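The values are calculated or read from the model by the stated rules, or taken from the named source; none is laboratory data. These numbers were taken from a predicted model, which means no experiment stands behind them. Every residue, glycine among them, receives a Cβ derived from its backbone with ideal geometry; neighbour counts consider all protein chains shown.
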Amino acid sequence: MERKLFRFWSVAMILLIILISVPTESDAQQITPKKVSFTVGSGVTYGSAGDGAIGRLAGNFNTPSFRKQIYTGSFQYAFSRAWSLDIGFQSGKFTNQYDFDPAYENDFFSVTVKGITNMNGLFNVNSRFLNPYLSFGLGMIRSQLESEDLNSEDLSLLATAGAGMNFYLFRGADLFIQYDYNAAGSDLLDGLAGSGSSDQFASVTGGIRINFGSGGGKLASWPPARERTTITPQPEEAEVEDEPLTRTEAEPVQEPTEEQLMEREKREQELRERIDQAEDAMMQKREEARIFADNWREEQRIKEMEAQVNRFYTDQPEPGHYVQVYSLLNRENAETTRQKLVELLEGDIDDPSDKVLIHRFDDFNRVIIGPFPQYREANRVMQLMISDYEESFIITFPRSAE
């Protein structure tokens, strides 16, 4: 399987090099475009078991490990609007996602050489702010695995393919977001050798691309800037001797009549009244907005208080062993008893405020301590309670019938 994967990606890289080598007609522009750029970014990796909502697009690990931090960087060279070369690295860590899976840590570092196909350049689309692209390539991944049964260093082939989008900021920098699917030639990335011969993982990253070059234009993968048209000055016409102006007498200014003055005062009064009405309406809107904001904040405060109180209530305890101390009808008495138990158990168990719960059952409020995965741990806590709460006993959930 690994040999077939290597042959496939080797043929793909040869085709990419041939396509890049074919001369393409570039857009004529007066300003020389930039060719070189560097990227830095960060994101997360996905190594699921291949059975999620998007299937293998989120990876294929025997031991799931997803949403782990990853750091990336690369050197890029733009041959034309359509084709670029990317030499990049990724650095991160895989760990077991769930406590019931075998524990492992795998620090990895990969280097890849990829070809990038810019869609706007390939299809001659003059989008000046968005530039989608596809990428595929080969590289190597080095991993340092530590687990209970294995402690080894591994170096294997890595095939990668992905898609992304560039967002134009200005001539010297762009933003990008990218998805990559990576297939390793090793089956030990997830700390467990499975039935297959390759572990696959995905990554979603984002960051900034800094563009360099002696030219003052954009990066070559972007369309050229619009050319500015220059206006050629027209030849000056021969001066024509001005004819002497004939002086005309200014017409006398007519004074407004009394009716016109009264009409003007009436309009000014109406305008002032409208302004006053608008100001009153604005003040009313501001007052309504203030009342609405106060009411919303009060509702949020009440909701937070209710959530804080209901945090230690449960209708269906998690599976495990519990110590039942009391079963009370009165809710306030149950909450008082719970607070006493939290103070009493401080230092004897971890996080007593999270362990002491109130189980709502019919009309009763059961004060319970747990869950404990081992029966002997529940029995130890019950021995601590027996002197103050003689009726304490151990109860296990889920219960077959109650």
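Residue by residue, here is whether (1) free of Cβ contacts under 8 Å to residues at least 40 places away in the same chain; (2) not β-branched (Val, Ile, Thr) holds:
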residue: Glu335; (1), (2): yes, yes
residue: Asp351; (1), (2): yes, yes
residue: Lys355; (1), (2): yes, yes
residue: Val381; (1), (2): no, no
residue: Pro398; (1), (2): no, yes
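Can we say Glu318 is assigned to a loop (DSSP other than H, G, I, E, B) and either assigned by TED's automatic domain parsing to the domain that holds Ile358 or among the small types (Gly, Ala, Ser) (or both)? When the stated conditions are applied, Glu318 passes them. Here Thr72 meets the list (1) surrounded by fewer than 19 Cβ atoms within 10 Å (Cβ to Cβ); (2) within 25 Å of the chain's Cα centre (by Cα); (3) modelled with pLDDT of 95 or more almost entirely, failing just condition (1). Screening Phe108 against (1) in contact with a Ser or Thr (Cβ under 7 Å, 6 or more places away or on another chain); (2) free of Cβ contacts under 8 Å to residues at least 40 places away in the same chain leaves a single unmet condition, (2).
Could you check the range 295-322 and list, in sequence order, the residues that are of a type in the set (Lys, Arg) and either touching a His at 6+ places or on another chain (Cβ under 7 Å) or at pLDDT 80 or above (or both)?
Step one: of the range 295-322, the residues of a type in the set (Lys, Arg) are 297, 301, 303, 311.
Of everything in the range 295-322, those that are of a type in the set (Lys, Arg) and either touching a His at 6+ places or on another chain (Cβ under 7 Å) or at pLDDT 80 or above (or both) turn out to be Arg297, Arg301, Lys303.
For the range 82-121, taking the residues that are of a type in the set (A, V, I, L, M) and surrounded by fewer than 17 Cβ atoms within 10 Å (Cβ to Cβ), the one that is nearest to Pro64 (Cα to Cα) is identified as Ala103. Considering (1) surrounded by fewer than 18 Cβ atoms within 10 Å (Cβ to Cβ); (2) in contact (Cβ under 8 Å) with a residue 60 or more places away in the chain; (3) over 16 Å from Gly88 (Cβ atoms), the lone condition that Phe167 does not fulfil carries the number (2).
Which residues, taken from the range 59-95, are in contact (Cβ under 8 Å) with a residue 60 or more places away in the chain, over 26 Å from Thr117 (Cα atoms) and of a type in the set (Val, Ile, Thr)? Across the range 59-95, the qualifying residue is only Thr63. Could you look through the range 360-402, keep only residues that are touching a Ser or Thr at 6+ places or on another chain (Cβ under 6 Å), at pLDDT 90 or above and not charged (D, E, K, R), and pick out the one that is surrounded by the fewest Cβ atoms within 10 Å (Cβ to Cβ)? This residue is Phe364.
In the set Leu357, Leu384, which member is in a helix (DSSP H, G or I), in contact with a helix residue (DSSP H, G or I) (Cβ under 9 Å, 6 or more places away or on another chain) and at negative phi?
On the way: Leu357 fails: in a helix (DSSP H, G or I).
Step by step, each of Leu357, Leu384 is checked, and only Leu384 is in a helix (DSSP H, G or I), in contact with a helix residue (DSSP H, G or I) (Cβ under 9 Å, 6 or more places away or on another chain) and at negative phi.
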